[in-house]
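The values are calculated or read from the model by the stated rules, or taken from the named source; none is laboratory data. The model shown is predicted, which means the values in this text are computed figures rather than measured ones. Please note: Cβ atoms are built from the backbone with ideal geometry, for glycine as well, and neighbour counts cover all protein chains shown.
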Amino acid sequence: MTDTIIMFVHLMAAAVAVGGSIFGLVLLWPHIFDLKKDDAVDEHSASYKVIDLLAPTVFTCLLLLIGSGVYYMMENYTEQVNLKEGYYNILGIKLIFVVVAFLLSLYQTFGLRSKIAHLDLRPENREQVRPTLEKMKYFGAITLGAVVAAVFMGIYLARY
Ligand code: HEM
């Protein structure tokens, strides 16, 4: 039962991380940048606010994924003697993608996003909105790729 709950949390977090990123990058992005190059980006628009929330959402999902993944391994440590050879090689490759996704998400949430948050208190940062959002899109796409690769490796691992 515990295993089922942990895997449920693991899979839900993966679904929200992937779904949230696709929603932000594919559906909302064209909305925000459907402007001429020199138009200011409206930070009060709904799409800007959702983009603002998506970075910490993906980061929280990654924390949940790491927590539930490590907990699952600790719960099942007695069965690890029966694992097929090569299991940890696949897990190792998966963890490389996890580390890439985690570090990029950390940078987006606490580095880039905080630079353009609370613009009413720091109006001098207003001109950084567009380049910062462009960077968030770029790193968001790489993060999404790394999470999707980790999902693939996870499914492969579970059926190895
Ligand atoms: C971006 C982060 C991650 C994603 C997207 C992810 C995704 C997945 C997916 C989709 C599965 C397959 C579940 C199934 O088909 O039953 C899985 C299984 C698993 N994951 Fe993750 N995972 C992530 C991070 C981690 C981390 C950090 C660890 C632990 C160090 C971990 C350990 C495991 C384990 C032990 C399994 C079960 C494998 C088995 O049944 O033998 N995962 N993961």
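Identify, from the list Tyr77, Tyr71, the residue that is surrounded by 10 or more Cβ atoms within 10 Å (Cβ to Cβ), within 15 Å of the ligand (Cβ to nearest atom) and more than 30 Å from Lys135 (Cα to Cα). Exactly one residue qualifies, and that residue is Tyr71. In the range 36-58 there is at least one residue matching the filter, namely being within 11 Å of the ligand (Cβ to nearest atom) and surrounded by 14 or more Cβ atoms within 10 Å (Cβ to Cβ).
Can you find even one residue in the range 12-32 that is at pLDDT below 80 and exposed (fewer than 14 other Cβ atoms within 10 Å of the Cβ)? So that I can check it myself, show each step before the final result.
Our first condition is that a residue be at pLDDT below 80; within the range 12-32, this holds for 30-32.
This time we only want the ones that are exposed (fewer than 14 other Cβ atoms within 10 Å of the Cβ), so: 30.
Yes, the conditions are met somewhere in the range 12-32.
For the range 141-160, the tally of residues that are within 14 Å of the ligand (Cβ to nearest atom) and either surrounded by 18 or more Cβ atoms within 10 Å (Cβ to Cβ) or touching a residue at least 60 places away in the same chain (Cβ under 8 Å) (or both) stands at 12. Residues in the range 35-45: is at least one under 20 Å from the mean Cα position of the chain (by Cα) and either at negative phi or at pLDDT below 90 (or both)? No, the range 35-45 contains no residue that is under 20 Å from the mean Cα position of the chain (by Cα) and either at negative phi or at pLDDT below 90 (or both). Applying the condition of being among the hydrophobic types (A, V, I, L, M, F, W, C) and under 17 Å from Ile6 (Cα atoms) to the range 69-89 and asking which residue is modelled with the highest pLDDT yields Val70.
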